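Have a look at the structure below, then the notes.
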Amino acid sequence: FIALAKSDPSGLVHLTLSSTLQRLPINKRIALACPLADHANDNDDRTQDYMIWFGLGPVVERDAMSVIEVAHHSFGSAHLFEWMARSFVQKIEKQPEPLDALINLSLNKGGHTWVLDGINKGLRGWRKAPKPAQWDEFAKVMMAINNDARVYFHNTTTHLSQIFGDGVPVIELRHVVNDKEDDLPARIAALKTLIEARPPELRAICEAALETRELDATAVRGLALFDDAAIADKLVKRYRSLSNNARAAVIDAMVARPAFTSVLLKNIADGKIARTDLTAFHARQIKSFKDEALTKQLTAAWGEQRESAGDKAKLIAEYKAKLTAAELAKANLSKGRVLFSAICGSCHILYGEGGKVGPDLTGSGRANLDYLLENIIDPSGVVSADFRMNIISLKDGRVLTGTIVGQTAQTITLRMLAQETTIERSEIAKQEVSSMSMMPEGLVLAFQPDQVRDLIAYLMNPQQVPLPK
């Protein structure tokens, strides 16, 4: 196998050998992985470096330092360098040597931008980590980059230096945030770095940034960290003047704290915030607080969801009787697509478009009317473990709900309606897994009969349709 990997020019042979790595004894894999890494991305094959890495996974767990030998052969693959850095940095507290060796290799032979990407992804959600031995030299190299991607590299390096205990240059970053002549991506990145660092001045910085339309969504997420009723009042007063992204961030922030939620519901009841801005997903999060007063306030301001099994069974039977083949034939599929995008598309992918909170519907059994009605009206009837609602109570008082899409010994990554966030386990006060689906009941109750018909017919259609003119 090793001789074939070195001598045979066929990309198919290399791919087959890469797949074979997973079947070899762990102590035999490095010897074959090295010549295969020389051919990573053969003929633009996007699969080979993945297969090499799948084979190396158990080796990283048993003897991460030995994988550095493969790194010497991996300069054709950004993926392999990045994945090594990501895996090594997650072991930095107990085993710093592999990352130190990879950084040293990148400083001498190149590949440092790939290593930076891997470190950044591996430390997502971390607040503090031990500094690699050659980080200072590595950071100088990254800060000296002067190409089109320099803003990303500079801001990522600054962010990681803060995690490694070098502190964050608050005055310099604050100047970038406030400088209207600077690149917008640089201003947003600087504000995000400050939010991660949480300096004493953060609240004032975010309140000032709230006045800039391009920064307001990021500023809202920074202000959400502060448990102060005055912030809730400030956010709802400025709500109408904020960008669409910032409005979505405000709703997310308000439903994360019971005290903020009460302020939000009062403003909805008073007509200052549109009732439709609060989705059924948010309503379910509010109900997860199990606060009787808040639930009553939600019902008065927003409405009530059907929860009983009898109601749902009756509703399924009613819609099944109405949605005959003749009735569905009258549907406007283009209008159904618009409804799907507005109501379902934030959570579900269909034909390559949409969010990832729920499952991809493109290949599901949606041609079957019973399947659709049961899953829309009673989404919690059968729930895959991957899509159960996780309720995360943080030590700062926030409660977040979503699906867990990634976890390490140090962090968990939660996918919510409008964003994905990575949280250090040390920041979690309580974690619960609900038997309920993330998808709320009662969605069809908000539609007119012809809208339900259009949506169901669109979902049952086997191919994408054009949007209305």
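The values are calculated or read from the model by the stated rules, or taken from the named source; none is laboratory data. Just so you know, these numbers come straight off a predicted model, no measurement behind them. Positions of Cβ are generated from backbone atoms using ideal geometry, with glycine treated the same way; all protein chains shown enter the neighbour counts. Heads up: the accessible areas ignore ligands, DNA and RNA and are worked out on the full protein's heavy atoms, side chains in. Shrake-Rupley method; radii C 1.70, N 1.55, O 1.52, S 1.80 Å.
Just so you know, in the range 121-138 the residues that are part of a helix (DSSP H, G or I) and surrounded by 20 or more Cβ atoms within 10 Å (Cβ to Cβ) include one that is nearest to the chain's Cα centre (by Cα), and it is 122. Looking only at residues of the range 83-120 that are under 19 Å from the mean Cα position of the chain (by Cα) and among the hydrophobic types (A, V, I, L, M, F, W, C), we find that the one that is least open to solvent (accessible area, probe 1.4 Å) is 119. Of all residues in the range 8-28, those satisfying the criterion of being assigned to a helix (DSSP H, G or I) and open to solvent by 90 Å² or more (accessible area, probe 1.4 Å) are 12, 23, 27, 28.
Residues in the range 224-236: is at least one buried (at least 20 other Cβ atoms within 10 Å of the Cβ) and over 14 Å from residue 254 (Cβ atoms)? Within the range 224-236 (the criterion being buried (at least 20 other Cβ atoms within 10 Å of the Cβ) and over 14 Å from residue 254 (Cβ atoms)), the answer is no, since none of the residues qualifies. When restricted to residues that are at pLDDT below 85 and either within 24 Å of residue 282 (Cβ to Cβ) or of a type in the set (Lys, Arg) (or both), the range 356-365 contains 5. Scanning the range 248-271 for residues that are within 17 Å of residue 420 (Cα to Cα) and either among the charged types (D, E, K, R) or at pLDDT below 90 (or both) returns 248, 252. Checking each residue in the range 254-281 for being closer than 25 Å to residue 390 by Cβ, open to solvent by 10 Å² or more (accessible area, probe 1.4 Å) and either among the small types (Gly, Ala, Ser) or part of a loop (DSSP other than H, G, I, E, B) (or both) picks out 259, 262, 279, 280. Check the range 414-427 and report whether any residue there is open to solvent by 40 Å² or more (accessible area, probe 1.4 Å), in contact (Cβ under 8 Å) with a residue 24 or more places away in the chain and within 21 Å of residue 468 (Cβ to Cβ). There is no residue in the range 414-427 that is open to solvent by 40 Å² or more (accessible area, probe 1.4 Å), in contact (Cβ under 8 Å) with a residue 24 or more places away in the chain and within 21 Å of residue 468 (Cβ to Cβ).
Across the range 432-458, the qualifying residues are those that are within 21 Å of the chain's Cα centre (by Cα) and surrounded by 14 or more Cβ atoms within 10 Å (Cβ to Cβ), and the one among them that is modelled with the highest pLDDT is 434.
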